[in-house]
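> This is the structure, below, for whatever I ask next.
The values are calculated or read from the model by the stated rules, or taken from the named source; none is laboratory data. Quick caveat: nothing in here was measured; it's all calculated off a predicted structure. With ideal geometry, Cβ positions are generated from the backbone for all residues, glycine too; neighbour counts draw on all protein chains shown. Just the protein is used for accessible areas: all its heavy atoms, side chains included, with ligands, DNA and RNA removed. Shrake-Rupley method; radii C 1.70, N 1.55, O 1.52, S 1.80 Å.
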Amino acid sequence: MIEAEPIKRPSWLRRAWRFLMRAIALFLLISVVSTAVYAWVPPPVTLLMLQRVFEGNWIHKSWRSYGNISPNLARAVIAAEDAKFCEHRGYDWEAIEKAWKRNQKAKRIRGGSTISNQTAKNVFLWPDRSYVRKGLEFYFTGLIELTWTKKRILEVYLNVVEFGPGIYGAEAAAQAHFGKSAKDLTRREAALLAAVLPNPIRWSASKPTSYIRNRAGTIQARMNDVPDPSGDPCKRAIAP
């Protein structure tokens, strides 16, 4: 009986496969190492910041530790962006399901983003609403939730999020919009900053439209439902 010879794959296919495997391994290594480093070291720059430079807006930012940012701002962004921040492990599945159903009928992709999602996007990825970017955001969210504390996630978010053209982080925003340090922000000022987060290029915390003033008022009311974030935003343990 004559045995059939094994099918040989073309050499170019083997080389492409090896290249792909090495690229994936390199990506995993770099992503894990960078996530571990940023658990302690401030991220120096983000892709969004670089994009804004090419658009003509220079980078204005000053890193501040969590203890040097007003608890009012932490409270405001949780109330505005992610009321379940201390309850989930990076993913708000109910919000994701609602966003998925909405995206089936809409041309513009919207996500059920949490603060963890937004931190992962801001630190590691580019500004885009494609499913590829969302998939990578899902991956990096898992990494930071595994390696960072909730306090660290919120600290990084408050230091890299965009509050205006070329304005990044709580300190730069407080100085630019209110002429004071981030640690001295009042409840109203914090609510105004949180109100512009969906579109900081279009809206201004220091020159709010009637819509932003009303939105800030809603956020202020919701802040009453957020436990005091001083010291640690999530003092209560997250259920497994």
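> Could you compute Rg(Cα) / (2.2 N^0.38 Å) for the range 166-209, with N its residue count?
Relative to the rule-of-thumb radius for its length, the range 166-209 sits at 1.01.
> Between the helical axis of 11-38 and the dominant principal axis of the chain, each derived from Cα atoms, what acute angle in degrees is found, rounded to the nearest 10?
Once rounded, one gets 30 degrees.
> Can you give the FRET efficiency for Thr149 and Trp93, using 1/(1 + (r/R0)^6), R0 = 30 Å, r = Cβ-Cβ distance, to the nearest 0.05?
The formula returns an efficiency of 0.90 here.
> Here's something else I'd like to know. What angle, in degrees between 0 and 90 and rounded to the nearest 10, separates the Cα long axis of helix 131-147 from the longest principal axis of the Cα atoms of the chain?
70
> Relative contact order of the chain: what whole-number percent is it, with Cα pairs under 8 angstrom and at least 6 residues apart?
26 percent.
> Let me ask another. Using a simple charge model, +1 on the beta-carbon of Lys and Arg, -1 on the beta-carbon of Asp and Glu, nothing else, what dipole does the chain show about its Cα centre, in debye to the nearest 20?
About 600 debye.
> Considering only protein heavy atoms and a probe of 1.4 Å, how much of the accessible area of the range 8-54 is carbon and sulfur, as a whole percent?
Reported share for carbon and sulfur atoms: 75 percent.
> Another one. At a threshold of 8 angstrom on Cα-Cα distance, excluding pairs fewer than six apart, so keeping six or more, what relative contact order does the range 122-198 reach in percent?
Dividing the mean separation by the residue count of the range 122-198 yields 18 percent.
> Kindly provide log₁₀ I(q)/I(0) values, in the same order as q = 0.19, 0.21 Å⁻¹, from the Debye equation applied to equal alpha-carbon scatterers of the range 147-240.
-0.94, -1.11
> Next question. With the other protein chains left in place, how much accessible area per residue, in square angstrom, belongs to the chain at a 1.4 angstrom probe?
On a per-residue basis, 58 Å².
> Go through the range 190-207 residue by residue and turn each phi into a ³J(HN,Hα) via Karplus (6.51, -1.76, 1.60, θ = phi - 60°); whole Hz please, and just put x for glycine and proline.
5, 5, 5, 5, 5, 5, 8, 4, x, 7, x, 6, 7, 9, 10, 6, 8, 10
> State the volume of the convex hull built on the alpha-carbon positions of the chain, expressed per residue in Å³ and rounded to an integer.
Measuring per residue, one finds 189 Å³ for the Cα hull of the chain.
> Shifting gears a bit: In terms of the Cα gyration tensor, with a ≥ b ≥ c the square roots of its eigenvalues, is the range 25-86 rounded because a/c is under 1.5, prolate because a/b exceeds b/c, or oblate?
Oblate.
> Just to be sure I understand: if I project the alpha-carbon convex hull of the range 118-196 onto a plane and average over all orientations, what area do I get in nm²?
Approximately 5.6 nm², given one-decimal rounding.
> Suppose every K and R has +1 on its Cβ and every D and E has -1 on its Cβ; what is the size of the dipole of the range 111-155 about the Cα centre, in Debye to the nearest 20?
60
> Quick check on the chain: helices-only [θ] at 222 nm, where DSSP H runs of length 4 and up contribute -39,500 (n - 2.57) each and the sum goes over total residues. Nearest 500, please.
Value at 222 nm, helices only: -17000 deg cm²/dmol.
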